[in-house]
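Take this structure, written in structure tokens, and hold onto it; I'll ask about it next.
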Amino acid sequence: MTEKLTINGKEVWVVIEPHLVPRENPHIIPTEYFTATYYWQEPADDVSGELFIDGIEPRLFESPVAALEYARETLSELI
């Protein structure tokens, strides 16, 4: 999912992708989280983005909505 946001007059794109978590027991939930990457230009093959991280690992979100809210809040502090 790609969302185009305008924050403080600047356009930024946020791409939210599923991140599967392998579990030994498939009944442990969630088995799927989401990651978010932001781009200063429209995402394309030759454009790289910045993945939101937690330490050195990708920051995992329980829903696309949570990922988008975090991106909006974090990017409003950067811009």
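The values are calculated or read from the model by the stated rules, or taken from the named source; none is laboratory data. Predicted model, so just to flag it, every value in this text is computed and none were measured. Positions of Cβ are backbone-derived with ideal geometry, glycine not excepted, and every protein chain shown enters the neighbour counts. Keep in mind that these areas ignore ligands, DNA and RNA; they rest on the heavy atoms of the full protein, side chains included. Shrake-Rupley method; radii C 1.70, N 1.55, O 1.52, S 1.80 Å.
Taking the residues in the range 17-41 that are touching a Ser or Thr at 6+ places or on another chain (Cβ under 7 Å) and outside any loop (DSSP other than H, G, I, E, B) as candidates, determine which candidate is nearest to LEU5 (Cα to Cα).
Pass one, the range 17-41, residues touching a Ser or Thr at 6+ places or on another chain (Cβ under 7 Å): 17, 19-21, 23, 34.
From the residues that got through so far, the ones that are outside any loop (DSSP other than H, G, I, E, B) too are 17, 19-20, 34.
Values: GLU17: 17, HIS19: 22, LEU20: 26, PHE34: 18 Å.
Once the filter is applied, the top-ranked residue is GLU17.
Give the residue that is nearest to MET1 (Cα to Cα), with candidates limited to residues of the range 42-53 that are modelled with pLDDT under 95 and open to solvent by 40 Å² or more (accessible area, probe 1.4 Å).
PRO43
Name the residues in the range 1-19 that are open to solvent by 80 Å² or more (accessible area, probe 1.4 Å) and in contact with a Leu (Cβ under 8 Å, 6 or more places away or on another chain), would you?
Answer for the range 1-19, where residues must be open to solvent by 80 Å² or more (accessible area, probe 1.4 Å) and in contact with a Leu (Cβ under 8 Å, 6 or more places away or on another chain): just GLU11.
Of all residues being of a type in the set (A, V, I, L, M) and open to solvent by 100 Å² or more (accessible area, probe 1.4 Å) in the range 20-39, which is farthest from ILE53 (Cα to Cα)? Just the residue, please. Reasoning before the result, please.
Applying the first criterion (of a type in the set (A, V, I, L, M)) to the range 20-39 yields 20-21, 28-29, 36.
Add one more test, that the residue is open to solvent by 100 Å² or more (accessible area, probe 1.4 Å), and what stays is 20, 29.
On the way: LEU20: 16, ILE29: 22 Å.
Among those residues, the one meeting the criterion is ILE29.
Exactly one condition in (1) surrounded by 13 or more Cβ atoms within 10 Å (Cβ to Cβ); (2) of a type outside the set (Gly, Ala, Ser); (3) touching a Leu at 6+ places or on another chain (Cβ under 8 Å) is not met by LEU60; state its number.
Checking LEU60 against (1) surrounded by 13 or more Cβ atoms within 10 Å (Cβ to Cβ); (2) of a type outside the set (Gly, Ala, Ser); (3) touching a Leu at 6+ places or on another chain (Cβ under 8 Å), the one that fails is (3).
Which ones in the range 4-19 are more than 14 Å from ALA44 (Cα to Cα) and not small (Gly, Ala, Ser)?
Residues satisfying the conditions are LEU5, THR6, ILE7, ASN8, LYS10, GLU11, ILE16, GLU17, PRO18, HIS19.
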